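Below you'll find the structure, written out as structure tokens, and then a few comments.
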Amino acid sequence: MNTALSEASAFSTDDERWTAVLNRDMSADGAFFYGVRTTGVFCRPSCASRFPRRENVDFFSSADEARAAGYRECKRCQPGGLPRELEIVNRACAALDADPQQRLTLAQLSEAVHVSPFHLQRLFKRVVGVSPRQYQAAQRGAALRDSLQRGVDVTRATVDAGFGSPSRMYDTAAAELGMAPSDYRRKGAGLRVRYASAPTSLGLVLVATTDKGICKIAFGDDPAALADELGKEFASAELIDDPARLAPFIDQVDAYLRGTRQRFDLPLDIAATAFQQRVWEALRRIPYGETRSYSQIAEAVGSPRAVRAVASACASNPVALAIPCHRVVQKGGSLAGYRWGIARKAMLLDTEAHHEAKDAGNTTPPIPDMDHAA
Ligand SMILES: [Zn+2]
């Protein structure tokens, strides 16, 4: 009953903090950091490096505070990096993504990421919004979409995607694809697609455009893999690597990630089913810096029961940022999935949270109760 109270007061005294350090208590990660005067380095409580002497330790409530006091980040526990729990979930997702055909049990997965099954299940659900098992089912759907886009025949594609048998796949395919699999082909024949990739604070971005508008904005870690993915999606198109032509678009992405731009002046040229179109339009109406739940979007498009179809439409968004699918989160606030990785979604929402929305009436900010107080 008083868990909120005890959590709030956990690690609030230096004694509690020091005990957490001596226990390498992972649950304290994020709650505070400690700096070691003799080395000038600061760490997470769970850091595996040698224990410092108590008299050489300073405690800080944030990484920024430690840096401001002149400490450098520990290379071992990387206290300025992602929160440890996001790293764990990222590693779990990577393990599940590695081979969608293989069905990993929770026990196998927990062994792969070195976290207890109980802890992993809870953490995964909290961050992603679904269990590892549900996540895997969704990934099989995505693998199926990919195969079909490449033009692999339906029977082969379903087996490759780990569905086991085509009949089994047809049960779930309508929900995953929004239409019959044999109809699912991205066009591209006769199109000229220009593209370029560039490094950003979120990793590499690839932007591609037809003569009519942007057809793809994707994030990744490997330029060859990004270009490869584009090549598969537009298998019949003529692809031209054209950094000069794409430079202004990439500049817009860059400005967005730095928080100096909040809207894109980009015409879009993307293929969508009627339902995707409704969902994507609803996403574009979410103001900068705000989030909505999947069920709110389902309501906004007039299909309040189609929450899963909304999630699927978000996951198939071809243009990161321009259609801000990162602003849709789970009802309780957990991040749910993101086509380009949960960590990127977390960073995008963080950037938006730290920059005031420019088109939300900031010229006349409300000044609550000041007149009455005076
Ligand atoms: Zn450390």
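The values are calculated or read from the model by the stated rules, or taken from the named source; none is laboratory data. The structure presented is a predicted model; accordingly, all values stated were derived computationally and were not measured. For neighbour counting, all protein chains shown are included, and Cβ atoms are generated from backbone atoms with ideal geometry for every residue, glycine included.
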**Request:** For VAL89, work out the one condition from (1) in contact with a Leu (Cβ under 7 Å, 6 or more places away or on another chain); (2) among the hydrophobic types (A, V, I, L, M, F, W, C); (3) within 10 Å of the ligand (Cβ to nearest atom) it doesn't fulfil.
**Result:** (3)
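Every residue, every condition in (1) in the same structural domain as ALA315 (by TED's automatic domain parsing); (2) at pLDDT 80 or above; (3) among the β-branched types (Val, Ile, Thr); (4) at positive phi, yes or no:
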residue	(1), (2), (3), (4)
GLN78	no, yes, no, yes
ASN90	no, no, no, no
ASP97	no, no, no, no
THR105	no, yes, yes, no
VAL113	no, yes, yes, no
PHE118	no, yes, no, no
ARG133	no, yes, no, no
GLY141	no, no, no, no
**Asked** Which residues, taken from the stretch 28-51, are more than 10 Å from the ligand (Cβ to nearest atom) and hydrophobic (A, V, I, L, M, F, W, C)?
**Response** ALA28, ALA31, PHE32, PHE51
**Request:** Identify the residue in the stretch 52-79 that is surrounded by fewer than 16 Cβ atoms within 10 Å (Cβ to Cβ) and in a loop (DSSP other than H, G, I, E, B) and, among all such residues, is nearest to the ligand (Cβ to nearest atom).
**Result:** ARG76
**Asked** If you go through the stretch 237-257 one residue at a time, do you hit one that is outside the structural domain of ILE286 (by TED's automatic domain parsing), more than 19 Å from ALA322 (Cα to Cα) and in a loop (DSSP other than H, G, I, E, B)?
**Response** yes
**Asked** Limited to the stretch 272-294, what total is found for residues that are of a type outside the set (A, V, I, L, M, F, W, C) and surrounded by fewer than 17 Cβ atoms within 10 Å (Cβ to Cβ)?
**Response** 7
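Among the residues of the stretch 210-225, is any free of Cβ contacts under 8 Å to residues at least 60 places away in the same chain, of a type in the set (A, V, I, L, M, F, W, C) and surrounded by 17 or more Cβ atoms within 10 Å (Cβ to Cβ)? Spell out how you get there, then give the answer.
Applying the first criterion (free of Cβ contacts under 8 Å to residues at least 60 places away in the same chain) to the stretch 210-225 yields 210-213, 221-225.
Now narrow it down to the ones that are of a type in the set (A, V, I, L, M, F, W, C): 224-225.
Cutting the leftovers down to surrounded by 17 or more Cβ atoms within 10 Å (Cβ to Cβ) gives us none.
The answer is no; no qualifying residue exists.
Suppose we filter the stretch 11-27 for residues that are part of a helix (DSSP H, G or I) and either near the ligand (Cβ under 10 Å from one of its atoms) or of a type in the set (Ser, Thr, Tyr) (or both); how many remain? Give the steps one after another, and end with the answer.
We begin by selecting, within the stretch 11-27, every residue part of a helix (DSSP H, G or I); these are 14-22, 26-27.
Narrowing the set further to residues that are either near the ligand (Cβ under 10 Å from one of its atoms) or of a type in the set (Ser, Thr, Tyr) (or both) leaves 19, 27.
Count: 2.
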**Item:** So ASP97, is it without any contact (Cβ under 8 Å) to a residue 40 or more places away in the chain, acidic (Asp, Glu), within 29 Å of ARG122 (Cβ to Cβ) and out of contact with any Phe, Trp or Tyr (no Cβ under 8 Å at 6 or more places or on another chain)
**Value:** no
**Item:** Output for the stretch 236-255, where each listed residue is hydrophobic (A, V, I, L, M, F, W, C) and surrounded by fewer than 15 Cβ atoms within 10 Å (Cβ to Cβ)
**Value:** ILE240, ALA244, ALA247, ALA255
